[in-house]
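Single-structure report; data block below.
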Amino acid sequence: MTEARPRPRRTVGDSLEEFERDLISNLYYQRGTTIESASGPDGYHTLAVTVRDRLVDRYARTAAAHYAANPRFVYYLSAEYLLGRQLRQNLLYTDTERWVRPIAEDLGVSPEALEVYDVEPGLGNGGLGRLAACLMDSMATLDIPAVGYGIRYEFGIFKQTFRDGKQVERPDDWTFYGNPWEFPAPDDRQLVGFYGTTVADPKDPENLRRKWTPGETVRGEPSHMLVPGYGTQTVNIIRLWQARASRESFDLARFGVGQYVEAVDDIVRAENISKVLYPDDSTEPGRELRLKQQYFLVACSLRDIIRRYRLRNSGWEGFADKVVIQLNDTHPVMAVTELMRLLVDEHGLGWDEAWGITRRTFNYTCHTLLPEALETWPVQLLERLLPRHMEIVYAINHFFLEEVRQAYPGDEDVVRRMSIIQEGDERRVRMAHLAVVGSTAVNGVAELHTKLLAGTTLHDFAQLWPERFHNVTNGVTPRRFLRMANPALSELITEMLGDEGWLTDLERLHGLGPHADDPAFRAAWRDVKRHNKAGLAAAVERSTGVLIDPDALCDVMIKRFHEYKRQQLKLLHVITMMNRIRADPQATYVPRTVLFGGKAAPGYHAMKLLIELVNAVAGVVNTDPVVSRYLRVVFPADYNVTKAQFIIPAADLSEQISLAGKEASGTGNMKLALNGALTIGTLDGANIEIRDRVGADNFFLFGMDTPAATALRRSGYSPRSFYEADFELRLAVDTIASGTFAKGDRDVFAPVVDAMLGRDEYMALADYRSYVDCQDTVAEAWTDPDRWTRMSILNTARCGFFSSDRTVREYCEQIWKVDPVRVGEA
Ligand code: GL4
């Protein structure tokens with residue numbers, strides 16, 4: 001029993017004095033320096049480990065409680081996590097934040113100066129990776145026993161810089177100064193095989209069990225990051241795998257004959273697996289190394305899950321009762337075949353029994369509707385890289401298609417559509433199909449998304465197995481995106497609601513609603529926004545040199561650059577505003593600052609050119625003496641979680657303008673609305689649910705809905721007809737074509753114009769008029785500050801639903817069927 005085991009002496013105290021004593025002791029004994037000679041990084045690392053120690057203490061108690069309860073665990077498999085900075089979060093969660101300032105003053109340092117060393121681990125691209133981080137936060141907060149598994153990329157998402165307005169990518173060497181938040185666990189390393197051959201098992205006449213001899217093996221070394229819950233003692237972990245060469249990789253023979261570089265070839269090849277995050281979001285570059293990464297994550301994690309299961313359990317009958325694995329999109333879907341391989345080939349279970357366990361264990365979240373984001377892998381590549389897994393895919397598909405044929409006798413068309421193997425010149429494995437076939441539950445991430453999945457992309461599957469399909473609308477953690485990002489607003493909310501209970505019960509924000517008409521409260525609300533905008537204005541001036549007016553309407557579009565998200569539409573609006581001011585400089589206009597933030601995948605040339613155009617437009621607008629009186633355009637480089645936390649609290653207007661039916665959910669839309677920004681948006685993704693909750697009067701709706709967009713495309717969409725029919729649109733497009741933003745050179749941005757007039761894949765031109773008119777009603781509303789503030793308050797008050805705590809509760813009830821385990825106080 002755990003009770004009988006010796007426990008470490010508690011080394012961390014919970015008073016200011018003990019905290020300060022620990023800090024100084026860590027500075028001496030951990031960092032090996034003194035107060036007099038400590039550098040900035042010394043101060044940061046010392047503070048970090050002092051806070052960390054408080055979490056370690058909780059983590060030890062969490063592990064003991066989990067060991068004693070032997071509960072059902074959620075294992076979240078995700079190729080991406082965008083955790084954001086850790087220091088301030090962990091100060092808040094350990095309730096030590098309040099000591100830092102007095103101690104820092106005592107020691108003569110500034111906490112803000114230390115925070116610059118708190119590097120955010122950019123182990124993801126965008127919404128999908130940040131969602132994983134929000135869900136992990138909420139799981140810990142709700143005391144759900146959970147482990148996240150991921151890859152410890154040596155280089156995370158690239159750093160974006162601008163040179164002559166063009167995006168230039170730089171490597172993100174995030175661990176350069178060391179990462180105080182992770183613990184290496186080399187004893188839990190795992191071996192992973194690739195390539196090689198398979199042979200029959202003579203004892204299995206059905207040939208379902210075979211033996212795989214890999215041609216290459218790589219070690220996976222784990223380290224873990226602590227994931228504390230807020231207002232509870234639970235600390236879960238995210239276990240990240242890093243690839244290392246296996247011991248045999250060092251080629252002594254070559255070294256011995258002087259081929260030093262060749263001797264380490266295998267080491268380099270092995271370690272490349274976790275070298276860098278693929279910087280694509282919603283587009284899949286089907287490269288061999290990416291598939292290797294995916295299998296590497298899956299193979300290490302499954303072995304670790306089995307190791308953990310066996311600490312308290314034996315036999316396989318109970319496996320799926322203790323283990324539930326959530327597949328975050330298709331990236332980890334090879335786990336289905338890997339678990340089958342482990343159970344059948346290595347542990348000797350029969351195929352049917354193994355399949356029953358496997359299917360009960362897995363669930364799959366789909367995060368997209370874009371066909372190009374639905375992963376498929378060439379059969380040939382799989383046969384070479386993972387020969388045994390390809391055989392297992394064939395066997396799974398064989399049994400699955402038998403089921404399909406039974407359900408639809410004689411319908412070979414449905415068999416072809418549903419098959420895990422896509423036939424054609426190059427046969428490919430459809431990972432989404434494998435995921436659905438291998439899972440108990442499949443979910444979309446917003447109501448519309450789930451409806452479209454079941455109605456289109458995965459329609460045949462939803463017909464065959466309607467009970468598998470669920471909706472779990474995304475959410476965001478109010479701790480990071482309200483409490484930490486927006487301390488001023490949080491304070492005001494707490495003051496109004498009486499206590500901080502809203503931080504873990506976000507629906508309590510409804511209590512603000514009745515105060516929306518109280519003039520004093522409105523004034524206080526406005527003051528907070530003004531304060532946040534002044535802070536952002538100062539930061540923007542420092543980073544871009546552009547002065548912005550904190551009293552101007554702050555219009556924000558922050559997200560990855562993607563055609564379907566339609567930054568080009570926003571830009572057409574900006575150019576239209578510019579043209580209007582130039583045409584009639586005497587008129588009055590609502591002053592606006594348009595802030596863009598976001599990266600484009602390095603190979604996504606159309607979007608990189610659009611980024612260049614945004615910067616070019618900013619250059620023209622901001623230096624035009626007349627236009628810049630009313631309009632400024634800013635584009636701070638390298639948008640990430642840290643910058644989101646600065647920008648979101650200052651936003652007045654949130655741009656959510658994707659073509660209806662394309663954005664699965666969006667989560668930036670929730671963060672902005674929660675911080676009192678009003679949304680201008682289409683009926684897409686979670687916008688619909690935001691509007692349902694905040695009320696149509698408090699939301700600026702424009703554009704086609706999904707059926708209208710589908711109908712227009714079917715009828716043969718011609719962007720040129722929209723261009724020709726609308727004077728302002730024509731002028732905006734022509735302004736780009738004329739070379740106005742390229743010092744008269746008409747060629748530079750010609751591809752943008754051609755894309756708009758030629759195909760306009762996401763029908764920005766069709767929605768232009770509705771969008772620009774809607775922006776006019778936004779400007780109109782802005783001129784009535786009382787009305788605007790009321791709408792802003794109601795947005796915050798009614799967005800409690802979008803807490804990721806609610807999301808996690810829904811996963812627990814509908815899909816995971818897990819119960820919380822309370823961790824006792826020290
Ligand atoms: C995404 C969706 O594009 C986005 O709408 C959604 O909010 C997010 C989390 O569910 O997942 N899918 C991919 S791929 N990247 C995303 O951000």
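Rule-based calculations on the coordinates, nothing more; no lab input. Just so we're clear, the structure is a prediction, and the values are computed from it rather than from any experiment. Here Cβ is always computed from backbone atoms with ideal geometry, including for glycine, and neighbour counts include all displayed protein chains.
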| task | Could you sort 363-369, 412-418 so that the peptide with the highest average Cβ count within 10 Å comes first and the rest follow in order? | result | 363-369, 412-418
| remark: Once amide hydrogens are built 1.01 Å from N within the peptide plane, the residues lying 5 or more places from HIS562 or on another chain with amide H under 5 Å from its amide H are GLN567
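Given Cα pairs under 8 Å that are at least 6 residues apart, what percent is the relative contact order of the stretch 549-802?
Normalised by residue count, the contact order of the stretch 549-802 is 22 percent.
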| remark: Where a ≥ b ≥ c are root eigenvalues of the Cα gyration tensor, a/c under 1.5 meaning rounded, otherwise prolate if a/b exceeds b/c and oblate otherwise, the chain counts as oblate
| said: Which one, CYS300, SER439, GLY681, projects farthest toward the positive side of the charge dipole computed for the chain from Cβ point charges (K/R +1, D/E -1)? | reply: CYS300
| field | Residue order, fewest to most surrounding Cβ atoms within 10 angstrom, among ARG303, ARG629 | value | ARG629, ARG303
| message | List the residues, sorted by chain then number, that are 5 or more residues from GLU663 or on another chain and whose placed amide H is less than 5 Å from its amide H. | response | GLY685
| task | Apply 1/(1 + (r/R0)^6) to the Cβ-Cβ distance of GLU507 and ASP786, taking R0 = 35 Å, and write down the FRET efficiency to the nearest 0.05. | result | 0.85
| query | Rounded if a/c is under 1.5, else prolate if a/b beats b/c, else oblate: with a ≥ b ≥ c from the C-alpha gyration tensor eigenvalues square-rooted, which is the stretch 52-154? | reply | oblate
| request: Name the residues whose placed amide hydrogens come within less than 5 Å of the amide hydrogen of GLU154, ignoring near sequence neighbours (fewer than 5 apart) on the same chain. | output: LYS275, VAL276
| task | Please report, in whole Å, how far the alpha carbons of the stretch 549-802 spread along each principal axis, starting with the longest. | result | 49, 45, 35
| message | Per residue of the stretch 378-384, what does 6.51 cos²θ - 1.76 cosθ + 1.60 with θ = phi - 60° give for ³J(HN,Hα)? Whole Hz please, x for Gly and Pro, Karplus curve as stated. | response | x, 4, 4, 5, 5, 4, 7
| request: Indicate the helices, whole DSSP H runs only, in the chain that combine a mean Kyte-Doolittle hydropathy of -0.5 or more with a Cα extent along their long axis of 20 angstrom or more. | output: 40-69, 127-141, 288-312, 387-407, 567-583, 605-623, 764-782
| query | If you rank ASP280, ASP137 by fewest surrounding Cβ atoms within 10 Å, what's the result? | reply | ASP280, ASP137
| So what's the back-of-envelope 222 nm ellipticity for the chain, counting only DSSP H runs of four-plus at -39500 (n - 2.57) apiece and dividing by all residues, rounded to 500? | -13500 deg cm²/dmol
| message | Along the Cα→Cβ direction, 7 angstrom out, place labels at ASN207 and ARG170. What is the inter-label distance in nm? | response | 5.7 nm
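Contact order normalised by length for the chain, with contacts defined as Cα pairs under 8 Å and 6 or more residues apart; what percent is it?
On the way: 1490 pairs, mean separation 112.8, N = 826.
It rounds to 14 percent for the chain.
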| remark: Bridge orientation stat for the chain from DSSP, antiparallel percent rounded to 5, came to 45 percent
| Which of ARG31, ARG798 has the fewest Cβ neighbours within 10 Å, and the rest in rising order | ARG31, ARG798
| task | Could you name the lysines whose alpha carbon sits less than 16 Å from that of LYS565, not counting residues in the same chain fewer than 8 places away? | result | LYS599, LYS608, LYS662
| message | No solvent, one uniform scatterer per C-alpha: report log10 I(q)/I(0) for the stretch 236-314 via the Debye equation at q = 0.16, 0.22 1/Å, two decimals. | response | -0.79, -1.03
